[in-house]
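The values are calculated or read from the model by the stated rules, or taken from the named source; none is laboratory data. Every value quoted in this text rests on a predicted model; they were computed, and no experiment measured them. Counting neighbours? That spans all protein chains shown, and the Cβs are built from the backbone with ideal geometry, glycine included.
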Amino acid sequence: MTRSVYINATQTFFPNSPVSNDEIENVLGVIGDRPSRSKNVVLGSNQIKTRYYAIDPATRKPTHSNAQLAALAIKNLYAVHLDLNLKNAEVLCCGTTVADLVVPGHGQMVQGELADFSGEVFSSAGVCCSSMSALKTAYLSILANNSTNAIVTGSETASKFMRSEFFVSESEENFAALQKNPMVAFEHDFLRWMLSDGAAAMYMSDQKLAGKTNLKINWIEGRSYANEQAVCMYAGGERQDDGSVMCWKDLRLAQDTKAPAAKFVMNFRQDIRQLREMIPVYTVQRPLPELKKKYGLNPGDYTWFLPHYSSNYFRDTLTEVLKSVDFDIPQERWFTTLPDTGNIGSASMFTFIDQLIKTKSLNVGEKILCYIPESARFSVYYVELEVV
């Protein structure tokens, strides 16, 4: 194909004011009758300093829906880039971990917040890779000459699941294990100290636009290994002894024997042992050698590496696994907003790209490699961008 696809404009939206580590429980609430003892251990490991919540810190009432966050990121994009017109947008692709409603789709809910958009809409579900599926759908639409431009979003309202009302107090046994090994925290309430709300939007087209930092999408590759591993991270179900997951629809019928499970069915769960053992294998060791061979990749070709990891704990682990497949990229070339924005799931990579453009001096010809792993059932996306 002779057509090319470019990211022409980006923007983000974060609700309310940034929440510091000392303020988290003021907003999310205290579990039980005392402040969390695991919080400082987990925060020391993940190195996150601030995050955002779509919750009024004074009243603890919700301030934004997921769809509203995505729509506000889009509106911010058009407010900054006045040469673009939302009425001319042809495709809207929206990814998120958990939409506001089961039905309608998330994309339609976002469109409902945009009076000026009327076009094709695509909704992508999943976790962190959901926005990458949305990105690839928009990319392929433009590449195939089905459209000339598209808007893509990633958005999250994780705080709606992290409130104290949905957790039980940490046990003495869990806390003792946590002090001995910080990784144990990942099995308890680690997500409360990590996840953040927010949204990011990108405008893509088949043209380079004057006066902008244009990033050409050279390729997007996804890999899923769901047929090789049981569910690792999930919400909306209860994991059974045989490794299967009973979905929330069935748990409603089993409340006589599954009452606690039914009460906390929407909480996010993570098998940390499985995560620790398998995420390096399925997001680096298996897919990256394939991509190296397919595209002739060389780590020295990349000026910037944008890795999406959930905690700074994994930074050195990622370095080592990259070295194991002969793809070492020095950490001084890594870029992330994790310390300032927290882990915003599907919105993370788009936020990285937005902030890289705004804070770094990018030169024509420089290449950027994006790495987006997802532990839910082990999948990953890699994206190569080039400044043009």
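Selection within region 62-74: residues that are assigned to a loop (DSSP other than H, G, I, E, B) and out of contact with any strand residue (DSSP E or B) (no Cβ under 7 Å at 6 or more places or on another chain). The member of this set that is surrounded by the fewest Cβ atoms within 10 Å (Cβ to Cβ) is S65. In the set Y302, Y309, Y282, which member is modelled with pLDDT of 95 or more and touching a Phe, Trp or Tyr at 6+ places or on another chain (Cβ under 9 Å)? The unique qualifying residue is Y282. Output the residues belonging to region 314-336 that are surrounded by 19 or more Cβ atoms within 10 Å (Cβ to Cβ) and assigned to a helix (DSSP H, G or I). Of everything in region 314-336, those that are surrounded by 19 or more Cβ atoms within 10 Å (Cβ to Cβ) and assigned to a helix (DSSP H, G or I) turn out to be F314, L318, L322. Within the set Y309, Y381, the sole residue that is under 22 Å from V42 (Cβ atoms), surrounded by 18 or more Cβ atoms within 10 Å (Cβ to Cβ) and of a type in the set (F, W, Y) turns out to be Y309. Here T336 clears all of (1) in contact with a strand residue (DSSP E or B) (Cβ under 7 Å, 6 or more places away or on another chain); (2) in contact (Cβ under 8 Å) with a residue 40 or more places away in the chain; (3) polar (S, T, N, Q); (4) within 25 Å of H81 (Cβ to Cβ) except the condition numbered (2). Residue count for region 5-29 satisfying the condition of being in a loop (DSSP other than H, G, I, E, B) and surrounded by 17 or more Cβ atoms within 10 Å (Cβ to Cβ): 3.
For region 30-45, which positions are in contact (Cβ under 8 Å) with a residue 24 or more places away in the chain and outside any loop (DSSP other than H, G, I, E, B)? Across region 30-45, the qualifying residues are K39, V41, V42, L43, G44, S45. From the list L101, L114, the one residue that fits, being part of a loop (DSSP other than H, G, I, E, B), out of contact with any Asp or Glu (no Cβ under 7 Å at 6 or more places or on another chain) and either over 16 Å from L69 (Cα atoms) or in contact (Cβ under 8 Å) with a residue 12 or more places away in the chain (or both), is L114.
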